[in-house]
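The values are calculated or read from the model by the stated rules, or taken from the named source; none is laboratory data. If you're wondering where the values come from, they're calculated on a predicted model, not measured in any experiment. Note that we place each Cβ from the backbone using ideal geometry, even for glycine, and neighbour counts take in every protein chain shown. Quick note on the areas: whole protein, heavy atoms, side chains included, nothing else; ligands and nucleic acids left out. Shrake-Rupley method; radii C 1.70, N 1.55, O 1.52, S 1.80 Å.
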Amino acid sequence: MKTRRSILQGAGIALAMFATLPRVLLAAVWPDKAFSSAAAGQAMIDLLGTDQTIPTDQIFLKVPEIAENGAVVPVTINASLENVESISIVVEKNPRPLAATFEMIPGTLPEISCRIKMGETSDVMAVVKTADGVYSTSKQVKVTIGGCGG
Amino acid sequence: MDQAHASESGMTTATVSPVSVTCVRFAVLAVLVMIISPGCSTAEDTSASDASRCTKDFAAELAAAEQLRVAAANAGAEWIATAGLLHSAKQDAEAGSMETACALLEQAVFEARSALAQARREADAWRNRVVR
Amino acid sequence: MASKIKVKTKLSGDLAEVKSLMLHPMETGSRKDPDTGKVIPAHHITQLNFTNNGNPVMVANFSTAISKDPYFGFKFRGAKEGDTLVVSWVDNLGNRDELETVLK
Amino acid sequence: MRRTSACLMISIVAALIGQAAALAGPEEDRLAFVAFFESRFPDIPLAEYGNGIYAIDSDAREQWIEIEEFPPYEFSIERGRTLWAQIFPSGKTYADCFAQRTGKIRAEYPRFDESRGEVVTLAMAINDCRAGNQQQLLPYDEGEIIDISAFLAFESRGEKLEIRVPDDQPGALAAYDSGKRFYYTKRGQLNFACSDCHVTSAGQYVRADRLSASLGHPTHFPVYRSKLGGMISLHQRFAGCVRDVRAKPFDLQSNEYRNLEYFLSYMSNGLAVNGPGARK
């Protein structure tokens, strides 16, 4: 009886694993801790294991000099580094500095664009993790208080 | 703002000789002073008098102020805060805070009178701004 | 109800360019309702997934710092005409949405 | 004494000259309006004015172009398209209510309706159509009516604005003149006229914002405002400006705003419809 049950259980677990396997692979874990960190350095440690990055000009970061509207700041990142594993956007002065992190899959180009919110003038850092290390480049974006339009 | 005013007087003066510029300006100024003065004098009166002035018959003064606001609204010239000032003045009076109630009422009256003066001034002044 | 995801794709050789836009409030959780003065709870997309013929091609993790009605664009290789691209998101309240499109 | 009367005479003459110019016809007004901006911004092609401040401010323009890569108003167009296609219980559709083909509607509104003696905006025409088909009227400041307007603007893209103030309709000219008067009248605690910002000071800064030119203002509405995260109508923008100068805003679709839209749209005659738009 006992044996039989454990076999059944085992089969059940295997079945469950089989059914959920693709999902598990797909649904990478949302990095809760890094996203809730209030300090840029700590967010990077939580996410990447280090807050030390290698400055490089091999990451092209396109952000406006003066944001038209802090609620919608277009960001484009394009890295010419090899074996990129992830690209992250860190806005130093945001209450939660880590804005987004994108996981690269072989075949995916290290080239992304999105729109972010910024609470105030701040450095925006593009952090690129490769098989060799963590690289970054940053630019300041000025956020102003609008007149009539903003 | 400065630019707007500059262009305004520029429009008027462009058609007359330099000597007459002064008198046109003087004429415009005189008219403006005449138009604005009722509003100004009210403001001066109230600031000169003591705070208890409006408590004599607050309800009547509130009604008069409301009438001024409606007149400004009918002229299409009401300012944004006037109605709110009157509302707060009424609430403060009901709560017995006559000092702030009076101050708010005076501010509302000043706004309504200024809006009416603005409307009278603009009855013709707008023409000088037309791009031509 | 019309879909709350829009996708535009462009195929050049085996390179697919993907642009996506979704309707989502992306509430930060620190904004107050101007009428009631109450804090509006955080409500934001946490993860945006793309698969091509079932294979993952991009996992995007969002914080509340992604703008309302989020836009996200990326590129991947190994695509061909007729491939099925699936975009799906899940938010912090457990809502999800999905859109399927065929590359051409 | 002599001097005073001379002053008076000059004042009167100046006033009369001013009066004559203020009473110039719509077409003279428009040509002068266009000429003003052409001389103020000699490097900006006329067709660019429909892009508002992005015709003037290059840094803002780049950000706008990125938004236009995939603008959030596309959802509104799509909803509008679905609404437009709906068939009323009468068997008719919105399209049956309009004399123009769908792709031309936006370019010919607002128009003066002689029998009613008032300016009819596109939003009003949409509601008139609903009334004619026993449908509930839509609220003007939200949702469906803006979506339908966005769809119609999109369908009319590239069509040149063709607003008419017919010579044989005195009411039309009166409505136009009333809109023109509104436009040039100072109002509010800040004592600004529309023209103070959007003619005299166009291109200048108001705090961190640069002021757009009025030429081309109506061509791109409704717009998705990033600040608000949603679509707004031209009248909502009017209300925003009136509030910004600290005057009490008028009701949406009020006579004041409809006449203003009539005047402002006439000023942009010949510019292409390019709505819906995306603005900060």
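When D:Tyr140, D:Tyr205 are screened for being hydroxyl-bearing (Ser, Thr, Tyr) and within 14 Å of chain A (Cβ to nearest Cβ), only D:Tyr205 passes. Every listed requirement among (1) of a type in the set (Ser, Thr, Tyr); (2) surrounded by 13 or more Cβ atoms within 10 Å (Cβ to Cβ); (3) modelled with pLDDT of 95 or more is met by C:Thr28 save one, (3).
In the set (1) away from chain A (no Cβ under 12 Å); (2) open to solvent by 20 Å² or more (accessible area, probe 1.4 Å); (3) free of Cβ contacts under 8 Å to residues at least 24 places away in the same chain, the condition left unmet by D:His198 is number (1).
I'd like the full set of residues that are among the β-branched types (Val, Ile, Thr) and either in contact (Cβ under 8 Å) with a residue 40 or more places away in the chain or crowded, with 21+ Cβ neighbours inside 10 Å (or both), limited to the range B:99-130. Those that are among the β-branched types (Val, Ile, Thr) and either in contact (Cβ under 8 Å) with a residue 40 or more places away in the chain or crowded, with 21+ Cβ neighbours inside 10 Å (or both): B:Val109, B:Val130. Number of residues in the range C:31-66 that are at the interface with chain A (Cβ under 8 Å from one of its Cβ atoms), in contact (Cβ under 8 Å) with a residue 40 or more places away in the chain and in contact with a Pro (Cβ under 9 Å, 6 or more places away or on another chain) equals 1. In the range C:40-63, the qualifying residues are those that are open to solvent by 30 Å² or more (accessible area, probe 1.4 Å) and assigned to a strand (DSSP E or B), and the one that is nearest to C:His24 (Cα to Cα) is C:His43.
Per this entry, D:Gly158 is not counted among residues that are under 25 Å from D:Met231 (Cβ atoms) and open to solvent by less than 40 Å² (accessible area, probe 1.4 Å).
Within the range B:106-129, identify whether any single residue is among the β-branched types (Val, Ile, Thr), modelled with pLDDT of 95 or more and in contact with a Lys or Arg (Cβ under 7 Å, 6 or more places away or on another chain), and answer yes or no. No: zero hits. Filtered by the rule that a residue be open to solvent by 10 Å² or more (accessible area, probe 1.4 Å) and part of a strand (DSSP E or B), the range A:80-111 gives A:Val84, A:Glu85, A:Ser86, A:Glu103, A:Met104, A:Thr108, A:Leu109, A:Pro110, A:Glu111.
Taking the range A:112-139 as the range and being in a strand (DSSP E or B) and within 14 Å of chain D (Cβ to nearest Cβ) as the test, the residues that pass are A:Ile112, A:Ser113, A:Cys114, A:Arg115, A:Ile116, A:Val124, A:Lys139.
Here D:Gly275 passes the criteria (1) more than 12 Å from chain A (Cβ to nearest Cβ); (2) in contact with a helix residue (DSSP H, G or I) (Cβ under 6 Å, 6 or more places away or on another chain); (3) free of Cβ contacts under 8 Å to residues at least 60 places away in the same chain except the one numbered (3).
Only residues that are among the β-branched types (Val, Ile, Thr) and surrounded by fewer than 18 Cβ atoms within 10 Å (Cβ to Cβ) were counted in the range D:201-248, giving 1. Within the range A:88-107, residues that are at the interface with another protein chain (Cβ under 7 Å from one of its Cβ atoms) reach partners that are surrounded by fewer than 24 Cβ atoms within 10 Å (Cβ to Cβ) and of a type in the set (Lys, Arg) with beta carbons closer than 6 Å, at six or more positions or on different chains, in the pairs A:Gly107/C:Arg77.
Applying the condition of being of a type in the set (Gly, Ala, Ser) and over 23 Å from D:Glu68 (Cα atoms) to the range C:64-87 and asking which residue is surrounded by the most Cβ atoms within 10 Å (Cβ to Cβ) yields C:Ala79. Evaluate the following for D:Arg106: is it assigned to a helix (DSSP H, G or I), modelled with pLDDT of 95 or more and under 23 Å from D:Leu46 (Cα atoms)? So D:Arg106 fits the description; yes. Filter the range D:221-271 down to residues that are touching a Gly at 6+ places or on another chain (Cβ under 6 Å), within 26 Å of D:Trp64 (Cβ to Cβ) and small (Gly, Ala, Ser), then give me how many there are. The total comes to 1.
One residue alone among D:Ile67, D:Ile53, D:Ile44 is over 22 Å from the mean Cα position of the chain (by Cα) and aliphatic (A, V, I, L, M), and that residue is D:Ile67.
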